[in-house]
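The values are calculated or read from the model by the stated rules, or taken from the named source; none is laboratory data. Keep in mind that what you see is a predicted model, and the values were worked out from it rather than measured. Positions of Cβ are backbone-derived with ideal geometry, glycine not excepted, and every protein chain shown enters the neighbour counts.
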Amino acid sequence: MVSDEELRRIYNLFTDCWRYFKKYVDVSDEDIYWENVVGESGELSKKYNNDKFAIALILAVVNEFERKAKELRKNAETQ
């Protein structure tokens, strides 16, 4: 059974990942954008002691940013 404390930690992880997603959802090809995305993902990982579940959630968000960036590049090339 999962303790209330563990559920709170997981809730906070999801909340932090949502805020991270919201902050960077407007994808850019600028180097500074990706430096910030990578830097903050590392900070989040550290905050949750490099927990495997935390890393998986963070990577899911980063993968979505990468997918959106590829889509934007593809659309720019076809115009």
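Numbers below:
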{"quantity": "Positions within the range 55-75 being more than 10 Å from the chain's Cα centre (by Cα) and either of a type in the set (Lys, Arg) or surrounded by 11 or more Cβ atoms within 10 Å (Cβ to Cβ) (or both), in sequence order", "calculated": "Glu66, Arg67, Lys68, Ala69, Lys70, Glu71, Leu72, Arg73, Lys74"}
{"quantity": "Residue list for the range 1-40, restricted to those being without any contact (Cβ under 8 Å) to a residue 40 or more places away in the chain, among the acidic types (Asp, Glu) and under 17 Å from Arg73 (Cβ atoms)", "calculated": "Asp26, Glu30, Asp31"}
{"quantity": "Selection status of Asp26, exposed (fewer than 14 other Cβ atoms within 10 Å of the Cβ), within 14 Å of the chain's Cα centre (by Cα) and among the acidic types (Asp, Glu)", "calculated": "yes"}
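Yes/no per residue for (1) at pLDDT 95 or above; (2) under 14 Å from the mean Cα position of the chain (by Cα); (3) among the small types (Gly, Ala, Ser); (4) not in a helix (DSSP H, G or I):
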| position | (1), (2), (3), (4) |
| --- | --- |
| Tyr11 | yes, no, no, no |
| Trp18 | yes, yes, no, no |
| Trp34 | yes, yes, no, no |
| Gly39 | yes, yes, yes, no |
| Glu43 | yes, yes, no, no |
| Lys46 | yes, yes, no, no |
| Phe53 | yes, yes, no, no |
| Glu77 | no, no, no, no |
